[in-house]
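S.K.: Quick one: the structure is below, questions incoming.
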Amino acid sequence: MFWKIVGGLLLVWVAFMVIGSVVGFLVEAAFWIVLIGGAAFLGTAAYSAIKGGGKKKQIRP
């Protein structure tokens, strides 16, 4: 009976470690994707602001 409890606790511990590593990897991957996407967005916005600073496009009625 003692070994069943120890085995069950060991199994739960390993499961938590695997789940934690997968969730940690996904959070880290999402962080880098957001960081790269934000940098690309800011770069595009800055380029557009510098390139088309004096040209205002207007819709004609």
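The values are calculated or read from the model by the stated rules, or taken from the named source; none is laboratory data. Computed from a predicted model, the values in this text were never measured in an experiment. Because the Cβ atoms are built from the backbone with ideal geometry, glycine has one as well, and the counts that use them run over all protein chains shown.
Yes/no matrix, rows are residues, columns are (1) surrounded by fewer than 10 Cβ atoms within 10 Å (Cβ to Cβ); (2) at pLDDT 95 or above; (3) touching a Phe, Trp or Tyr at 6+ places or on another chain (Cβ under 7 Å); (4) not acidic (Asp, Glu):
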| residue | (1), (2), (3), (4) |
| --- | --- |
| Phe2 | yes, no, no, yes |
| Leu10 | no, yes, no, yes |
| Met17 | no, yes, no, yes |
| Glu28 | no, yes, no, no |
| Gly38 | no, yes, no, yes |
| Thr44 | no, no, no, yes |
| Ala49 | yes, no, no, yes |
| Lys55 | yes, no, no, yes |
| Pro61 | yes, no, no, yes |
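S.K.: Might you let me know whether segment 16-33 holds any residue that is over 23 Å from the mean Cα position of the chain (by Cα) and among the β-branched types (Val, Ile, Thr)?
M.R.: no
S.K.: Residues Ile36, Ile50, Ile5, Ile59: which one is in a loop (DSSP other than H, G, I, E, B), of a type in the set (A, V, I, L, M, F, W, C) and either free of Cβ contacts under 8 Å to residues at least 24 places away in the same chain or touching a helix residue (DSSP H, G or I) at 6+ places or on another chain (Cβ under 6 Å) (or both)?
M.R.: Selected residue: Ile59, the only one of Ile36, Ile50, Ile5, Ile59 that is in a loop (DSSP other than H, G, I, E, B), of a type in the set (A, V, I, L, M, F, W, C) and either free of Cβ contacts under 8 Å to residues at least 24 places away in the same chain or touching a helix residue (DSSP H, G or I) at 6+ places or on another chain (Cβ under 6 Å) (or both).
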